[in-house]
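Computed from the coordinates by the stated procedures, all read-outs in this text should not be read as laboratory data. Everything numeric in this text was worked out from a predicted model, so none of it was measured. All Cβ positions, even for glycine, are placed from backbone atoms using ideal geometry, and neighbour counts span all protein chains on display.
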Amino acid sequence: MKVTTVWEKQSGAVGTSSYTVYVRGTVPKEADRTMYFDYDVTDFTAVGSTGVSGLKIGLKGGIAADWPAAATPVTSKSLPVTKTWLEMQSSPHYRHSVRYAPGQGTGAGAADVVAAVYQPEVTSTLPAGWVGESPKTGKPFMFAPRWDSASYLRNSTGAGNPANKGGAAFSMIATLEYSSKPGAPEQAVAEHIKQAFTNPKATKPLNALKNVPGDTIQEPLHRLFLDQKRLDRNRAVSVRECKRHWGANYTDGGKECDEFPFASTYEGSAIDEYDPHVEKNNFSVLPIPGDQNGVGGTLLRGFYNANRIIDGPEDGFIVKIS
């Protein structure tokens, strides 16, 4: 956030000043539920006649809302802080930490999810003798933080410390990237998904209305983990279609049946058996080399873990092919 002040007298504007506040949210340790927000005040400029020597700059970070409402965060005492322009120039960096202990959340399969809105605030207060709206507060946007202790994600036990089990992440639609470039170990997977996105009607099974989801934030995919029966059914339907279109020997030469959307998503090939409102055969299958199919699966599992993708409709992701 860039904060600009126009300094005026009765004769009109006599000077301008500005500074910029950067707020960076990170989860530096995978096995730690602590989320950090680093505030940096920089790019101080003053031109003409100003009152910057007496201008006060305030920084504050707070939880505007959280779900469940009864969840209680633990925050560091480094913020709020208010300093003059000159003091802030000489001491421009502040780190604010936020942490929710496990056991306060909700979610199927003991996901134990706590969601929150973290709101930074930047305030400018004019010195005495200058007229204008004061104090003036701005609120830069931050992606919403989230905590969980899902048993199927990393650090599910806290490495012997139950008070630290689970982890933190930002609530955003993550992107899984596959490469279709020659020599990429997942090339066949990527090319299959690319065709499903760009020319779905040419894929099997046939469907003139096919519109495969997963490439836009309006139609993301959602991880399926807790319902093993449905996951197995996704795979069974995919294999059935591979056999139907390429014969029982489609596995010759070490090939495997690759499906998209992935069997480990709710949008997988058996979705119409669970949701009567969706289009039938709105997926794609293709026999591809087994080793490349395996690499694609490994990348997918790593993606789920790295981004702490939760089972269910609340946590979507998309796929992009390079």
Here the percent of antiparallel bridges among DSSP beta bridges lying wholly in the stretch 174-321, to the nearest 5, is 70 percent
HN-Hα couplings for the stretch 2-17 via Karplus (6.51, -1.76, 1.60; θ = phi - 60°), in whole Hz with x for Gly/Pro, come out as 9, 10, 10, 10, 9, 8, 10, 10, 4, 7, x, 5, 10, x, 9, 9
Paramagnetic reach from Arg301 in the stretch 167-189 [backbone N under 17 Å; point 7 Å along Cα→Cβ]: 186
Mean residue ellipticity at 222 nm from the helices of the chain, using -39,500 (n - 2.57) per DSSP H segment of n ≥ 4 over the full residue count, to the nearest 500 deg cm²/dmol? -5500 deg cm²/dmol
Which residues' amide hydrogens lie under 5 Å from the amide hydrogen of Leu79, considering only partners 5 or more residues apart or on another chain, with H built in the peptide plane? none
Taking N as the number of residues in the stretch 176-217, the ratio of its alpha carbon radius of gyration to 2.2 N^0.38 Å works out to 1.24
Nitroxide proxy distance, nm - points 7 Å out along Cα→Cβ at Gln218 and Arg99: 4.3 nm
Name the long-range amide H neighbours of Ala174: under 5 Å, sequence gap of 5 or more, or other chain; modelled H, no Pro or chain starts. Ile318
Kirkwood Rh for the stretch 2-171 from C-alpha pairs, in Å, is 17.9 Å
Go through the stretch 93-108 residue by residue and turn each phi into a ³J(HN,Hα) via Karplus (6.51, -1.76, 1.60, θ = phi - 60°); whole Hz please, and just put x for glycine and proline. 10, 9, 10, 10, 10, 9, 8, 10, 5, x, x, 10, x, 9, x, 5
Provide Rg and Dmax in Å for the stretch 243-322, with only Cα atoms included in the calculation. 14.3, 40
Candidates Gly214, Gly158, Gly268: whichever shows maximal mean-square fluctuation once the chain is modelled as a Gaussian network with Cα springs under 10 Å: Gly158
In terms of modelled amide H atoms, which long-range or inter-chain residues lie less than 5 Å from the amide H of Lys255? Gly290
Exactly which chymotrypsin sites (Phe, Trp or Tyr not before Pro) in the stretch 127-194 are in a DSSP loop and have at most 14 other Cβ atoms within 10 Å? Phe141, Phe143
Compute the Kirkwood hydrodynamic radius of the stretch 174-321, taking the inverse of the mean of 1/r over all pairs of distinct Cα atoms, and give it in Å to one decimal. 15.3 Å
Dipole magnitude of the chain about its Cα centre (Cβ charges: Lys, Arg +1; Asp, Glu -1), debye to nearest 20: 440 debye
Through the Karplus equation 6.51 cos²θ - 1.76 cosθ + 1.60, θ set to phi - 60°, convert the phi angles of the stretch 171-180 into ³J(HN,Hα) values in whole Hz; use x for Gly and Pro. 6, 7, 7, 6, 10, 8, 10, 10, 9, 9
Using the alpha-carbon centroid of each, what span in Å lies between the stretch 193-243 and the stretch 1-58? 48 Å
For q = 0.16 Å⁻¹, Debye-computed log10 I/I(0) when each Cα of the chain counts as one equal scatterer: -1.20
Calculate the dipole size of the stretch 174-321 relative to its Cα centre from +1 charges on Lys and Arg beta carbons and -1 charges on Asp and Glu beta carbons; express the result in debye to the nearest 20. 320 debye
Pop a pseudo-label 7 angstrom from the Cα along the beta-carbon direction at both Thr26 and Lys320 and give the gap in nm to one decimal. 2.2 nm
